[in-house]
Each structure stands twice: as structure tokens, then as C-alpha cells.
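See structure below.
Read the figures in this text as sums done on the coordinates, not as results from a lab. Note that this is a predicted model, so its numbers are computed, not measured. Every residue, glycine as well, gets a Cβ built from its backbone with ideal geometry; the counts of neighbours run over all protein chains shown.
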Amino acid sequence: MLTNMTNMRKEIDEIPEATARLLDGSASELAAAGRALREKDPAFLITIARGSSDHAATFIKYAVELTAGRPVASLGPSLASIYGASLKLDGGAAIAISQSGKSPDIVAMAEAATKAGAVTVALTNTLPSPIASASAYAVNINAGPELAVAATKSFVNSIVAGLALLSEWVGDEALKAAIRALPGHFDKAVKLDWSELANELSSPLGEAESLYMLGRGPALAIASEAALKFKETSNMHAEAYSAAEVLHGPVALVEKRFPVVTFAARDAAEASAVEIADSLSAKGALVFATSDKVKDSRRLPFVATGHPLTDALTLILPFYGFVEAWSRAKGFNPDAPVALKKVTETL
């Protein structure tokens, strides 16, 4: 077991500062890219990403659809890098997300989107980089060096950058104010204690081997990121589902004390997510939820930000703290998961 503070824990603690650094240091880049989107007035938007960055893209997808009213689709990077497909994208825009800025398939798809006439914006932690060169606009997410293999602050800053870009695009003053308040909310969220979840997962009644992560809307992206982090840091099987989709088949595996974590934000989906969480609790499952509205499920502490989008994003911070501690408790090194590399370059 590691005795010193891990890089992952240090990077989780740095998220409030990293977010403030992004909002201050990349303001002009965000304004320029937002202005380009406003002038283009795209009919649709595509996202290009993999791994944690793709979960960030899913969050941005919901944010754009809810705020700008434009449909958003995730494109498989292999369409360009492997298949050489020619796509008609001149009426749209694209957001490519890559921390390293050099994954060949992400770069190839961004370059293809730019050549096809889309307004392309790269969100990257590395400038200059191939992804920046392949895109019309590049935003430095300013997360700073991230040494742990499992992405944390770069995931959060990618979403913050996407939300800030969206707020510039549509001129949403309420969202802008919510984004400015994020460093303070993150500072509170990173200190929240989810140790009750760890205690229950390690209960003498039977240690969990698998679990579900649930969410709806933007919180589904958070559930997906949480499930990935369990796999990356702890070799533990976790699957993310829409809180509604889980009832269409996956519920068959939910039995007594089957662990379920429901990420519920203070938004229009909270009531339905809580209802489903409590229905699984009634089946005997061990269900936790980030909501005060639960009746049968167990409440996990959260920070309410006053805006549905930033509220959903803030949920990932206490989870990161929990899963880092869980990984160490199980004898793993969350900084260097087995068989994983920090930068994955695929075609």
C-alpha cells in the first residue's frame, strides 16, 4: 500500500486551482472560439474524443443540446483514420478533445472536419500540438501537468472549457456566472467524504465484485467517467447506465446488496433518477444517491451549485477522492494502473 500522497490525490486537490487557471488564462481563446460559433450559427455539432475525454464530450453534448438547442453527435475517429470517410460537415461545428493533443485518430478526424468546412475547436492540455494545428481554434484547458495515468483535473477542465465555450457562443449570462463560481464550489466538493460508500462495499456481508453507476442527462457522463475510474484504478468491474435504461435489461442482475451509485444533479431529471434509485433499493440493492430526495436509498454528500450543469459536474470531485482512497485500500497504485499508459495513441 502506498504511504505517501499519490499524484492522483494531489491532482484531485488541484482541481479548484486548475479551473481558476483555465478561466483566467484561456479567456481570450474561449471568447474567440465562441465568437466563431456565434457567427457560424451551426445547425449541428460533432464531438471527437476517446476515453475520459469522450465522457467530457458526452457532458458537453447534453449541455449544448439543452442550452443551444443544437443536436450533437459523437463521431468515431476511425471514420477518418481507418475508413477515410468523406463527411458533409460544412453546416456544422466540431469539438475535439485530447489532453495530449497527439492521438493520431483524434487528430485525423479533427483535420477531416476542418477540411469538410466545420468550425473546429480543439480543447487540449498541450499547446502547441497536432490537434491544435488540425483545428481552426484551440483552447488550452490549462490543467497543468497531470502525472497520474487516471485523468482527473484534465477531465474536469475539459468540461469547464466546453461550458465556457458554450456560454460565449450563446451569450448565457447565468451559465457564465455559474462557471465563475466553480473554483469555490470545487474547493468544497473536493473535501466531501464518501467513506460510507467504501465501508459498505467492503461489508462483511460480502465484498462487491461489480457495481452500476447511474445518471441522466449530463450526470450520465459523470456516471460513465466514474465507472471507467473504477476499472482503471481498482480492477473492479463497473458499468454506467442511464437511470432509465437500467430498467431495460441490466436490472436483471440487481439482487440483494448489489451496489448502485446514482449521480443525481439538481435538475429536471433528479426526481426520476431518485425514483429509480429507490425502486432498486426496494429490490434489496445497496443504493447510494447524491440527492436529499431519496427515501430508501442512502444519501451521498454533494455540493449544490445553483445551476443544473455545474451542479452535475461537481459530483465527480468527491467520487474521485473516494476511488483514489479505495484503490489504495485494495493494494493498488492509482498513479500507475496495470497495463495502462498515460497517453494512448490509436489509429
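Overview of values
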| item | result |
| --- | --- |
| Net charge of neighbours whose Cβ lies under 14 Å from the Cβ of residue 291, counting Lys and Arg as +1 and Asp and Glu as -1 | -1 |
| Viscosity 0.890 mPa s, 25 °C: Kirkwood-radius Stokes-Einstein D of the stretch 7-180 over Cα pairs, µm²/s | 156 |
| In order through the stretch 294-306: 3J(HN,Hα) via Karplus (6.51 cos²θ - 1.76 cosθ + 1.60), integer Hz, x for Gly, Pro | 5, 10, 9, 7, 9, 7, 9, x, 8, 10, 8, 9, x |
| Centre separation in Å (Cα based) which lies between the stretch 65-124 and the stretch 312-330 | 30 |
| Rounded Å value of the spacing that divides the Cα centres of the stretch 160-219 and the stretch 4-22 | 15 |
| Ratio Rg/Rh [Cα only; Rh per Kirkwood] for the chain | 0.96 |
| Amide H partners (placed H, <5 Å) of residue 257, local residues excluded | 285, 286 |
| Magnitude of the charge dipole, the stretch 7-180, Cβ model with Lys/Arg +1 and Asp/Glu -1, debye to 20 | 180 |
| Under-5 Å amide H pairs with residue 240, H placed in peptide plane, nonlocal only | 213 |
| Residues with amide H under 5 Å from that of residue 264, placed H, sequence gap 5 or more | 290 |
| Compactness of the stretch 20-102 - radius of gyration and Dmax, Cα, Å | 13.7, 40 |
| Derived scalar couplings ³J(HN,Hα) [the stretch 140-149; Karplus, 6.51 cos²θ - 1.76 cosθ + 1.60; whole Hz; x for Gly, Pro] | 6, 6, 6, 6, x, x, 10, 8, 5, 4 |
| Proximal charge balance of residue 186 [Cβ under 14 Å; K/R count +1, D/E count -1] | -1 |
| For residue 133, net neighbour charge (Lys/Arg +1, Asp/Glu -1) across residues whose Cβ lies under 12 Å away | 0 |
| Length added when fully stretched, residue 257-residue 10, from 0.36 nm per residue minus Cα-Cα | 85.7 nm |
| Lysines whose Cα lies under 29 Å from that of residue 295, excluding same-chain neighbours fewer than 8 positions away | 188, 191, 229, 256, 283 |
| Additional length obtainable on full extension of the chain from residue 245 to residue 176, 0.36 nm per residue less Cα span | 21.6 nm |
| Lysine pairs in the stretch 7-180 with Cα atoms under 19 Å, if 8 or more residues apart or on separate chains | 8 |
| Per-residue HN-Hα couplings for the stretch 112-123 [Karplus 6.51, -1.76, 1.60; θ = phi - 60°; Hz; x = Gly/Pro] | 5, 5, 5, 5, 7, x, 6, 7, 9, 10, 9, 10 |
| Where labels lie 7 Å past Cα in the beta-carbon direction, separation of residue 41 and residue 82 in nm | 3.9 |
| Computed label-point distance, nm, for sites residue 268 and residue 210 using a 7 Å Cα→Cβ extension | 3.4 |
